[in-house]
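Peer 1: Quick one: this structure, given as structure tokens, is what I'll be asking you about.
The values are calculated or read from the model by the stated rules, or taken from the named source; none is laboratory data. Predicted, not measured: the structure shown is a model, and the values here were computed from it. In this analysis, Cβ positions are derived from the backbone assuming ideal geometry, glycine residues included, and neighbour counts consider all displayed protein chains. Accessible surface is based on the protein model in full, side chains and every heavy atom, while ligands, DNA and RNA are left aside. Shrake-Rupley method; radii C 1.70, N 1.55, O 1.52, S 1.80 Å.
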Amino acid sequence: MTPIIEFKDYTFKYRSQTEPTLRHIDLTIYAGEKVLIVGPSGSGKSTLAHCINGLVPFSFPGENTGSLSVKGKDPSKEGIFGMSKLVGTVLQDTDGQFIGLTVAEDIAFALENDCVPQEELFPRVDEVAETVDVKSLLDHAPTELSGGQKQRVSMAGVMIDDVDILLFDEPLANLDPATGKRAIALIDRISKETGKTVLIIEHRLEDALYRDVDRIIVVGEGEIVADMKPDELLCTDVLEKEGIREPLYITALKHAGCTVKPESLPQHIETMDLAPYREKVRGWFQKAQLPPARRGTEPMLEVEALDFSYVPGQKVLQNINFRIEKGEMVSIVGKNGAGKSTLSNLICGFIQPDQGKILLEGSDISSLSIKERGEVIGLVMQNPNQMISKPMIFDEVALGLAVRGVPEEEIRERVHETLKICGLYPFRNWPVSALSFGQKKRVTIASILVMNPRVLILDEPTAGQDFRHYTEIMEFLKDINERLGITIIMITHDMHLMLEYTDRAIVIADGRMIADDVPARVLTDKEIADRAYLKETSLYELAMKCGISDASGFVERFIYFEREERANG
């Protein structure tokens with residue numbers, strides 16, 4: 001095999017830091033390999049990617065020792081443009097990648113730079129747009145698209161250029177589960193059909209393993225902690241030690257007292273040999289407790305017969321009815337473009353319904369202004385760049401309190417407390433521009449939480465978060481939910497979040513509500529999962545393959561067991 005990327009005793013330190021971000025990296029990636037790179041936020045995995053595509057040292061200056069070569073060339077000499085001919089990068093923060101006024105222009109940008117004639121350019125744009133399922137969006141502006149659609153357009157813009165290495169930075173961050181599966185399948189197909197070298201950086205390990213990868217590289221504190229085949233890595237405790245979420249079925253097998261072996265081929269639950277573990281799993285299921293039933297309280301938010309359309313005659317939402325009680329944690333799920341974010345905009349008053357009512361604590365809120373609704377309902381948007389208006393982190397989080405005339409000392413106290421909870425206290429005096437996408441996300445959550453709202457709506461609260469920060473934020477939200485009784489509504493693609501932290505899931509598909517049930521039942525119902533582009537949980541597959549017919553009961557017991565374990569430390 002021919003090496004295409006070679007790090008030899010490579011150390012890199014950003015100009016503004018005292019300690020290196022990468023330490024003594026020895027890593028060889030071979031031409032045509034498909035490699036998954038995982039690690040917690042701040043571990044150095046993104047820096048590793050920036051070294052490969054030339055952003056280090058040209059966009060992010062610093063000092064390095066050792067050597068790095070990409071297809072025999074030194075990125076520090078080739079420059080960003082030179083490296084762009086070898087490495088195509090799909091960024092996590094897709095807004096930073098768009099150049100064209102329309103999707104078609106954006107996809108065609110690299111070809112136009114290379115003076116490709118129009119008769120060749122148009123068919124190539126059509127072909128790649130069809131591959132990533134954005135052909136119907138070619139005349140749309142990128143800014144009009146949902147997060148998942150933007151991700152696919154970015155993929156098209158990179159794939160159209162004939163590069164040797166494709167680098168995907170968090171390709172699943174903004175995608176619904178079924179579209180995420182399609183994205184991973186698409187990356188796999190490109191890898192097989194073109195023979196290109198593919199690097200995937202991703203927090204969602206289980207979803208990224210939907211298709212085979214050759215190796216998983218685990219980065220921790222600037223060093224390579226493991227470089228192993230997936231079947232071997234899943235049988236170690238490396239992921240747990242590094243704070244990376246292992247696949248749920250592996251955790252369930254461990255709860256049942258099983259020692260998972262590489263020869264069982266645990267990379268995919270669908271093809272894993274479960275014969276050695278069946279009895280233990282069934283035994284655990286019979287002993288495990290079901291969670292206690294939740295007692296009802298009075299309603300906090302009610303939506304009655306809600307209809308909405310942006311264009312007359314084309315309904316985005318139709319006859320939506322649900323009731324959320326005080327103190328509930330509820331998830332709203334469904335595919336990209338199903339109308340979930342539109343629903344949150346209606347609740348917040350940014351747009352008005354065609355018909356129907358929204359009640360807050362029994363009172364119709366149609367007469368309340370956005371500001372009046374904002375006193376009780378806080379919204380954390382999916383894209384942090386659309387919320388941040390101050391250059392410094394402290395000022396951004398303090399803004400809402402300052403506008404409302406809260407005394408300076410109280411502002412300082414409340415902001416510091418919220419920043420600590422959101423893991424941002426060390427950065428309190430930093431500019432927002434110095435933060436990663438995931439860190440910006442936490443700033444926006446902090447800026448709303450500091451206001452003490454009674455209802456909190458979060459649009460994709462954990463997108464781009466590693467398992468440790470995901471857990472910190474979700475445990476914090478759970479804590480304020482229980483301690484202060486704040487009602488929390490989460491619009492999410494994260495099936496783990498929906499299962500672990502919410503009491504109910506409201507499922508929207510094609511503008512209609514198709515389910516309102518406990519998450520475990522939603523994610524073990526194939527028809528609902530297919531219609532809403534969800535993904536049946538791997539726990540369902542585990543239960544079925546172990547001969548447990550009550551799959552939703554198995555999932556509920558597993559989640560309750562996890563919650564109890566976490567609560568008991």
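Peer 1: Rounded to the nearest 500, what is the 222 nm mean residue ellipticity of the chain from helices alone, with -39500 (n - 2.57) per DSSP H run of 4+ residues and division by all residues?
Peer 2: Helix-only estimate at 222 nm: -11000 deg cm²/dmol.
Peer 1: Checking the cross-link filter: which aspartates and glutamates have an alpha carbon closer than 16 Å to that of K420, excluding same-chain neighbours under 8 positions apart?
Peer 2: Hits, sequence-local ones excluded: D395, E396, E410, E472, E475, D479.
Peer 1: For segment 466-569, what is the convex hull (Cα atoms) projected area averaged across all directions, in square nanometres?
Peer 2: Dividing the Cα hull surface by four gives the mean projection, 7.4 nm².
Peer 1: Given the protein chains as shown and a 1.4 Å probe, how many square angstrom of S16 are accessible, to the nearest 10?
Peer 2: 110 Å²
Peer 1: Based on the mean of other beta carbon atoms within 10 Å per residue, what is the order of 150-163, 249-262, 282-295, 510-523, most packed first?
Peer 2: Top of the packing list down: 150-163, 510-523, 249-262, 282-295.
Peer 1: In percent, what relative contact order does the chain have, based on Cα pairs under 8 Å that are 6 or more apart in sequence?
Peer 2: About 14 percent, as a whole number.
Peer 1: Another question, then. So, in nm, how far is label R563 from label R294 when the simple model puts each one 7 Å beyond its Cα toward the Cβ?
Peer 2: 0.8 nm
Peer 1: In Å, the Kirkwood hydrodynamic radius of segment 316-375 over pairs of distinct alpha carbons?
Peer 2: One decimal place: 12.8 Å for the Kirkwood radius.
Peer 1: On to the next question. Regarding segment 176-331, what are the three Cα extents along the principal axes, ordered largest first, in Å?
Peer 2: In descending order, the Cα extents are 53, 49, 34 Å.
Peer 1: Probe radius 1.4 Å, ligands and nucleic acids ignored: give me the carbon and sulfur share of the accessible area of segment 405-555 as a rounded percent.
Peer 2: Details: 2570 of 5530 Å².
Answer for segment 405-555: carbon and sulfur cover 47 percent of the accessible area.
Peer 1: State whether segment 126-169 is rounded, prolate or oblate according to the following rule on the C-alpha gyration tensor (a ≥ b ≥ c being the square roots of its eigenvalues): a/c under 1.5 gives rounded; otherwise a/b larger than b/c gives prolate, and the remaining case gives oblate.
Peer 2: Taking the square roots of the gyration eigenvalues as a ≥ b ≥ c, segment 126-169 is oblate.
Peer 1: Still on this structure, I have one more. Between T143 and E221, take the C-beta separation as r, use R0 = 41 Å, and let me know the FRET efficiency to the nearest 0.05.
Peer 2: 0.65
Peer 1: Sorted by accessible area with a 1.4 angstrom probe, largest first, how do S264, S366 fall?
Peer 2: S366, S264
Peer 1: In whole percent, how big is the carbon plus sulfur part of the accessible area of segment 133-183, probe 1.4 Å, protein atoms only? Intermediate values should be presented prior to the final figure.
Peer 2: On the way: 660 of 1520 Å².
Answer for segment 133-183: carbon and sulfur cover 43 percent of the accessible area.
Peer 1: Show me 328-339, 309-320 ranked by packing, highest mean number of other Cβ atoms within 10 Å first.
Peer 2: 328-339, 309-320
Peer 1: Any chance you could check the Cα centroid distance between segment 454-510 and segment 335-402 for me, in angstrom?
Peer 2: One Cα centre to the other: 16 Å.
Peer 1: A further question on this structure: Could you pull out the chymotrypsin sites (Phe, Trp or Tyr not before Pro) across segment 477-548 that fall in loop regions by DSSP (anything but H, G, I, E, B) with no more than 11 other Cβ atoms inside 10 Å?
Peer 2: Those that pass, being in a loop and sparsely packed, number zero.
Peer 1: Something else: Can you work out the FRET efficiency for the pair E232 and E361, with r the C-beta to C-beta distance and R0 = 45 Å, to the nearest 0.05?
Peer 2: 0.25
Peer 1: Ignoring ligands, DNA and RNA, what accessible area per residue does the chain give at 1.4 Å, in Å²?
Peer 2: Ligands and nucleic acids excluded, the figure is 43 Å² per residue.
Peer 1: Next up: Taking the Cβ of K192 as the centre, find all other residues whose Cβ is under 11 Å away and add up their charges (Lys, Arg: +1; Asp, Glu: -1).
Peer 2: Net charge in that neighbourhood comes out at +1.
Peer 1: Please report the Cα spread of segment 495-538 along all three principal axes, rounded to whole Å, starting with the longest.
Peer 2: 26, 19, 13
Peer 1: Something else now. F109: accessible area at probe 1.4 Å, nearest 10 Å²?
Peer 2: My reading of the accessible area for F109 is about 80 Å².
Peer 1: Right, here's the next one. Please compare each pair in K357/K526; K34/K280; K287/K545 to a cut-off of 26 Å on the Cα-Cα distance and tell me which ones are over it.
Peer 2: Those over the limit are K357/K526; K34/K280.
Peer 1: Quick check: residue separation of R282 and M392 times 0.36 nm, minus the Cα distance between them. What number comes out in nm?
Peer 2: Difference between extended and current length: 34.2 nm.
Peer 1: Whole percent per 5 Å bin, from 0 to the bin with the longest distance: what is P(r) over all C-alpha pairs of segment 1-123?
Peer 2: 2, 9, 17, 20, 18, 13, 10, 6, 3, 1, 0
Peer 1: Dividing the Cα convex hull volume of segment 326-409 by residue count, how many Å³ per residue is that?
Peer 2: Spread over its residues, the Cα hull of segment 326-409 gives 152 Å³ apiece.
Peer 1: For mean projected area of the Cα convex hull in nm², several values are listed as [x] 37.7; [y] 28.1; [z] 26.8; flag the one computed from this structure.
Peer 2: The value matching this structure is [z].
Peer 1: Starting from the eigenvalues of the Cα gyration tensor, five times each then square-rooted, give me the equivalent ellipsoid semi-axes of segment 204-285, largest first, whole Å.
Peer 2: Semi-axis lengths for segment 204-285 are 23, 14, 10 Å.
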